[in-house]
Structures are given as structure tokens and as C-alpha cells.
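So the structure is just underneath, and the comments pick up after that.
The values are calculated or read from the model by the stated rules, or taken from the named source; none is laboratory data. Fair warning: this is a prediction, and the values are worked out from it, not measured in the lab. Heads up, the Cβs are rebuilt from the backbone with ideal geometry, glycines too, and the neighbour counts pull from every protein chain shown.
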Amino acid sequence: MKYLFAISTVAIAAAGAVTAQDQVVNIYNWSDYIADDTIEKFQEQTGITVVYDVYDSNEVLEAKMLTGSSGYDVVVPTGSFLQRQIGAGAYQPLDRAALPNLVNMDPDLMAAAAAYDAENEHATIYMWGTTGIGYNIGAVAERLGEDYEVDSWALIFDPEIAAKLADCGITMLDAPTEMLPAAMNYLGLDPQSIEPADLEAGAELLTQVRPHIRYYNSSQYINDLANGDICVSVGWSGDVFQAQARASEVDAGVEIGYVIPNEGALQWFDMLAIPVDAPNADNAHQFINFIMDAQITADITNYVWYANANLASMPLVDEEITSDPGIFPTEAAKENLWSSPVYNARTDRLITRLWTTVKTGQ
């Protein structure tokens, strides 16, 4: 999900006779997905040292979870990946008694996330959002006209339109389980379909626009949008808003917009979970409970511009964020959102093959 960085921290002495292992929690999260002071605050409050690593795709995380012995205590899989990893025995049930801040969570959003994890037994929501279109407002207007309204996947999936934008740069996420359903949805097919013919139709559409795509990457586009190096990206909502903020900071004359297309978009949930073989499960629960504190959640949302599911945090979130329909979708937009299905092994193989063909043209 975001541009890569890594944080390692220096051990902080804690009072009492505890082992070094007891004072550590190993976190594996999406890149650029936490406030700049969250880790420091946790360490100061608990005396537990955080070792923080990042990734930028669910596939990278899944490989570690299914292999086992990752050494991580808290990880952040997206809902559909969480579900099948639970089925593989990758996560331990949460100890609710150790998570008093669960009372802060929005019951409706938690119920939606329970579609991937019955009764929210193994995970709680970290952040959620949509996969839509980020774009350079000026660059698109220059090529398509001031009156062109960016409100449809046609901006990317219509070859004639994409051709007009190719010179300023179109990018897609390197995420086949998001790109194929979006293409299928544009074609009027069920984005949750696992029928080979539907997936192949989506891949064919993506192949048609491939000559106009600059690259497939799930993190690079943030800075490239902000710097004006590209003009259109299929991206995660919060990433695009971060690009928007960075563009404002450098004052390079780049204005970034984000839209949930009229045809609909994927709604996803990133979940906090504890691997079954986590070496520091007690510390993991402390970290998750800390994240669900109203102020801490608000701090993260205010920093990364992703929606959260913490009702108690809402009064503490900047109004500019809570009032933005790209972050917190309108009721009308919510009607066209879909969730990602859980794919079986056969469909996984097909998706991998189709995506390789889309990216390589072979």
C-alpha cells in the first residue's frame, strides 16, 4: 500500500524484573500507514520496545503467514486475505478481556468486517477505505477539457480516453484481486464473480489499455502523483489523499483529486491480527488495545487520511477528513461499493496467470 520505510527502535528499560523478550513487540504493517508519533507514544506508555517492519502487498504478508514462524506479533491483513489465512490456522483468537478499547469500535463496521472473521474472533479493524482513482486535476483537464467530469472508470478502462492521458502517466496497483474486479465491474459483470469467463473478460479489458499504462506498483504512485510525474492512478483512498497533502507541502502547482467512480469501487478493511505463533502475544494485545484508544486512532487518521472504525475517535478527527466523501463515502456511494471475495486455490492460480499476461503482454 504505500511507499516503503522501516522503523527499528532502541530498547527502552521497563520497571520490574522482566525478560528482554517480554519488552518487545514486532509489528508488520503496510508502509506509510501510521502517525509519526504513534510508536513513540506506545513505548513511553508501556515500556515495550516496538520493532516495526513494512510491506506493500497482501501477497507478501500472506507468504509469511502461511509459511509460519514469521516472528511477528501484530500484522495487518486485508479482510479477504485474513479470512483464508484464518482458515489455514494462521491467527490466534483475540483475548477480549485484554482489549477494553473494543467498546470504541463502530458495531456496524465491525459487523461488516465479520463477513471475513465470524464474530470478529481473530481481528479488529485498523483502517478501512476504497480503491478508486487519484488524478492530477490540471493535467487531466488539459488533455480532456475543462468540462470533463472525472466520475467513471472510463478514465482508465476506455482505451480512447486512456490514450489521451498516456503521455502524462497512468498507473495501476500491482494488485490483481483489485484490478480484475474493477475491470469486470466496468464491463457490467459481477466484481465478486469467480467464473473464469468473467475474470478473463476483465483481463482482456486490462490488456487493451496496457499500452497506455506507465507502471504497475502499489506504493510508488503516492510521490509520483504529488510531484506531477504521473497524472492518473488507480489507488487506495488514503494514499491518494497523502499524495494530495504532499503536493500542497511542496507547492509545485499540482492539485490532486480522488473519486469513487459512479460504477462503484471496492470497500476494504485492514485488520489487526495476532499470528498463532506470535512470540509476544501479551504485548501484541497491549499494542492493539493502544491503537483502539480514541485519541490514538484519531491521530492516525489525521495523519494518513484513512477512515477508521472507531466511533469514539470521530469528534477528534479533523472535520476536513470526516466531511470528505472520498474518505467517508456518502450513503449513495456506499450502495455501489463491493467487498472482495475469498478466492479458492484454483481461482488464485487463474488470477495469477491472467495478471502476469496483463503486465507482460505475453
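Tabulated values for the structure
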read-out: Filter result for the condition that a residue is modelled with pLDDT of 95 or more and either assigned by TED's automatic domain parsing to the domain that holds Ala90 or under 13 Å from the mean Cα position of the chain (by Cα) (or both), over Ala35, Ala15; value: Ala35
read-out: Verdict on Pro261 being assigned to a loop (DSSP other than H, G, I, E, B) and not assigned by TED's automatic domain parsing to the domain that holds Pro191; value: no
read-out: Whichever residue in the range 105-131 is of a type in the set (D, E, K, R) and more than 18 Å from the chain's Cα centre (by Cα) and, among such residues, is modelled with the lowest pLDDT; value: Asp108
read-out: Options Asp299, Asp282; residue that is surrounded by 16 or more Cβ atoms within 10 Å (Cβ to Cβ) and either outside any loop (DSSP other than H, G, I, E, B) or not aliphatic (A, V, I, L, M) (or both); value: Asp299
read-out: Test: Asp277 is modelled with pLDDT of 95 or more, in contact with a helix residue (DSSP H, G or I) (Cβ under 9 Å, 6 or more places away or on another chain) and of a type in the set (Asp, Glu); value: no
read-out: Any hit, the range 89-105, residues being touching a residue at least 12 places away in the same chain (Cβ under 8 Å), hydroxyl-bearing (Ser, Thr, Tyr) and in the same structural domain as Ala63 (by TED's automatic domain parsing); value: yes
read-out: Count of the range 227-239 residues which are crowded, with 24+ Cβ neighbours inside 10 Å and modelled with pLDDT of 95 or more; value: 6
read-out: In the range 58-72, the residues that are polar (S, T, N, Q) and surrounded by fewer than 18 Cβ atoms within 10 Å (Cβ to Cβ); value: Thr67, Ser69
read-out: Test: residue in the range 325-332 that is assigned to a helix (DSSP H, G or I) and either over 30 Å from Tyr72 (Cβ atoms) or not acidic (Asp, Glu) (or both); value: yes
read-out: Close pairs (6 angstrom Cβ cut-off, 6 or more residues apart or separate chains): without any contact (Cβ under 8 Å) to a residue 24 or more places away in the chain in the range 176-196, outside any helix (DSSP H, G or I) and not polar (S, T, N, Q) anywhere; value: Met184/Pro191
read-out: Restricting the range 187-226 to residues that are crowded, with 20+ Cβ neighbours inside 10 Å and in contact with a Pro (Cβ under 8 Å, 6 or more places away or on another chain), the residue that is nearest to Tyr343 (Cα to Cα); value: Pro191
read-out: Answer residue from the range 120-158, given it is small (Gly, Ala, Ser) and in a strand (DSSP E or B) and is nearest to Pro275 (Cα to Cα) among those; value: Ala123
read-out: Residue that is in contact with a helix residue (DSSP H, G or I) (Cβ under 7 Å, 6 or more places away or on another chain) and either at pLDDT 95 or above or farther than 30 Å from Asn101 by Cα (or both), where the choices are Ile288, Ile222; value: Ile222
read-out: Number of the condition not met by Val254 [criteria: (1) part of a helix (DSSP H, G or I); (2) of a type in the set (A, V, I, L, M, F, W, C); (3) in the same structural domain as Val150 (by TED's automatic domain parsing)]; value: (1)
read-out: From Gly138, Gly134, residue being closer than 30 Å to Thr347 by Cβ and modelled with pLDDT of 95 or more; value: Gly134
